[in-house]
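The values are calculated or read from the model by the stated rules, or taken from the named source; none is laboratory data. Note that this is a predicted model, so its numbers are computed, not measured. Every residue, glycine as well, gets a Cβ built from its backbone with ideal geometry; the counts of neighbours run over all protein chains shown. Surface areas here come from the heavy atoms of the whole protein model, side chains and all, with no ligands, DNA or RNA. Shrake-Rupley method; radii C 1.70, N 1.55, O 1.52, S 1.80 Å.
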Amino acid sequence: MQGFVGRCTEGRGMLDGDVGEEDIESAVLEPLIEAAGNFSGDGEKIAVPVKTGDGEFTACVNGELWDARFERLWYPRFGPDARLAALVMSDDEWTVGVDGGVWDEKFEYAWNTQFSEDGSRIGVQTKKNFQYSVCVDGKPWENTYLSIREFQMSRDGATVAVLAQLAELS
């Protein structure tokens, strides 16, 4: 059996290469494809983070690179509306990249990407100035907390909830 090769370069297809024997069972290929990237819900798009230079990363969707470059690109995920969201870092600050654009708001750290049921809203947990909060569609909550856990977004994305620590523990 020959190896599975995935490449993402400008002007080349995403999954160039020889997959090998025609009768390779899906049980063999599926883990390789899963490790290589993330598929949109409709199966029409695949995304992978790619290193474009020394300490430089971007996302590649169906063989097309995002224009923006980042120090890091983490947790690329397609929402239900097939937009790609990824946690990205530039100048030691994290934000969210969505289909190649980035939110204006920056954080010490961002994590736990959530989507509304239709994908129209995207939210993340954030840390900034040693305070924790949530940011939805690039708009941070006004309130910050000592700690937050269990971030959840309602189906329509209009409401979010967290378990928040309001005071120091004694």
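Structural remarks
- Selection from the stretch 119-137 of residues that are in a strand (DSSP E or B) and surrounded by fewer than 18 Cβ atoms within 10 Å (Cβ to Cβ): 127, 131
- Test: residue in the stretch 26-46 that is modelled with pLDDT under 50, small (Gly, Ala, Ser) and either under 16 Å from the mean Cα position of the chain (by Cα) or exposed (fewer than 15 other Cβ atoms within 10 Å of the Cβ) (or both): yes
- The stretch 138-163 - residue that is part of a strand (DSSP E or B) and hydroxyl-bearing (Ser, Thr, Tyr) and, of those, most open to solvent (accessible area, probe 1.4 Å): 145
- The single residue among 80, 76 that is in a strand (DSSP E or B) and either farther than 25 Å from residue 159 by Cβ or touching a residue at least 12 places away in the same chain (Cβ under 8 Å) (or both) turns out to be 76.
- Selection of first residues in the stretch 143-170 that are within 16 Å of residue 110 (Cα to Cα) and of second residues that are open to solvent by 70 Å² or more (accessible area, probe 1.4 Å), restricted to Cβ pairs under 6 Å at least 6 apart or on distinct chains, gives the following pairs, ordered by first then second residue: 149/163; 150/163.
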